[in-house]
Amino acid sequence: MARSRLSSAISRYCGLSVTDVSRLIRFCMVGAATAVIHYGILFVGVEQFALAATLASSIGFVVAVTFNYFMHYSWTFAEPAPHGRTLLRYFVMISCGFVINGLVMYVASELLAIVYLLSQALAMAAVLTWNYLLANYWVFKL
């Protein structure tokens, strides 16, 4: 009920449909859970297993996007698009996101010597923007 009122208020304020606002809220909730998984694996990989930040981030990325796909497919977008086509599109989106994540992590943490957790925040912002645009307008559409 509260989320419905929030969606309606945001919809009126931003000029978006209630469906779009609800989808964006669900996208952010799934994204937050995905970020916790990704950051958790990154932190444990670096601090407990002495992995390079880029490697630990890459492992975290793969685990997190697997969770992310199933949550977005079944809850965020809940489109009746078939898994086969949707999964292929998701793979294209995530493959590009993987490259974006790795490049930002490498440049920020290795070349610019920015602490790895902040580097990951920068990478995550870039990937989040990429993923939302593609997921909303291409991946989960019929």
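Coordinate-derived values only; no laboratory data. All of these numbers come straight from a predicted model, not from anything done at the bench.
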Can you give the relative contact order of the chain as a percent, counting alpha carbon pairs under 8 Å and 6+ residues apart?
22
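Quick check on the chain: helices-only [θ] at 222 nm, where DSSP H runs of length 4 and up contribute -39,500 (n - 2.57) each and the sum goes over total residues. Nearest 500, please. Write out the running numbers ahead of the final one.
Values: 5 runs with 104 residues, N = 142.
Theoretical 222 nm ellipticity from helices: -25500 deg cm²/dmol.
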Please list 3J(HN,Hα) in residue order for region 136-141, calculated via the Karplus relation 6.51 cos²θ - 1.76 cosθ + 1.60 where θ = phi - 60°; whole Hz, with x for glycine and proline.
6, 9, 9, 4, 9, 9
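Quick test of the membrane-span-like rule: which DSSP H helices of the chain reach at least 30 Å along their long axis (C-alpha atoms) with mean Kyte hydropathy at least 0.0?
Working: long enough: 18-47 (43 Å, 1.26); 83-105 (31 Å, 1.10).
Qualifying helices: 18-47, 83-105.
Want the number for Leu111 to Thr129: 0.36 nm per residue separation, take away the alpha-carbon distance, what's left?
Values: separation 18, 0.36 × 18 = 6.48 nm, distance 2.32 nm.
Between Leu111 and Thr129, full extension yields 4.2 nm more.
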Quick one: pull the percentage of alpha-carbon pairs in the chain with a separation above 21 Å.
46
